[in-house]
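Just below is one structure, and these are the notes that go with it.
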Amino acid sequence: VNLSTTQVKFVLWSKLAIMGKGSFTKKGLDRLLALVGARVGKTISSMAISTECNFKLNVITSYVKTSFTSFINDTNAFEQFKDIVHITAGEKDWESKVKTALEEDKRVNVYLSLCPGKERQGKIDFIFGLPYRRFVIVDEADFGAHRKNQRVPLQNAIEGTNDVLFLMTGTDGDKAASNWKIDGTICITYEECLVNKKESFVLDNNGFRN
């Protein structure tokens, strides 16, 4: 089969989604580390998992605020995720927007900055007080989000819940997961990407490799 780079990525996204769904449906496996190479598509993979597992409320957290813009843009690029309502914690009337969207049975992505601030705990309390099971994504989990001041408030919020934690990183998985009780790891390496791409090469009618 001749696969383009985009198609190879789709295969990997699908694999991640299947692995994620399989892990979450097994009792106890709800704290996972996703160690996925850059440019493979961690954002789309996480949204595919959320879709497959029927999560209504996704909480995207990060210490890197710019990752939220990238997350929104990547998600909106796919028709499968166009129904998701994107709301940043702290924007005008964000609490009522979240409640309204959920009451209307819409899927919601709430973006929560882990940067310290006097309003951060209030945002966490509101989000984790909602009567929904949450898919909690920590983007760039090895960059700032692993530090005690950012990590502990989130750990306290998740502890004792049936929420799913999904630590995402493409670099230092040990740092990202060092202070979390992780049930398992989903890993897509660069080597695997190269193997998938290499195996997709075929000869065209003129004997050239595509």
TODO: Subtracting the Cα-Cα distance from 0.36 nm times the residue separation, let me have the gained length for Gln121 to Arg147 in nm, one decimal.
DONE: 7.7 nm
Task: Asn179 paired with Lys65, simple spin-label distance in nm, labels 7 Å along Cα-to-beta-carbon - done: 2.2
Task: Rg to Rh, two decimals, where the stretch 76-119 supplies the alpha carbon set and Rh follows Kirkwood - done: 1.04
Task: Magnitude of the charge dipole, the stretch 28-140, Cβ model with Lys/Arg +1 and Asp/Glu -1, debye to 20 - done: 220
Task: Average Cα contact separation per residue, the stretch 69-133, under 8 Å, 6 or more apart, as relative contact order % - done: 27
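Using 0.36 nm per residue of separation minus the Cα-Cα distance, give me the extension gain between Arg133 and Glu52 in nm, one decimal.
Once the chain is fully extended between Arg133 and Glu52, it gains 27.7 nm.
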TODO: Mind giving me the nanometre distance, one decimal, between the label points for Asp83 and Lys99, set 7 Å out from Cα along Cα→Cβ?
DONE: 2.4
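A short reminder: the numbers here are calculations on the coordinates, not readings from a lab. None of these values were measured; they are calculated from a predicted model. All Cβ positions, even for glycine, are placed from backbone atoms using ideal geometry, and neighbour counts span all protein chains on display.
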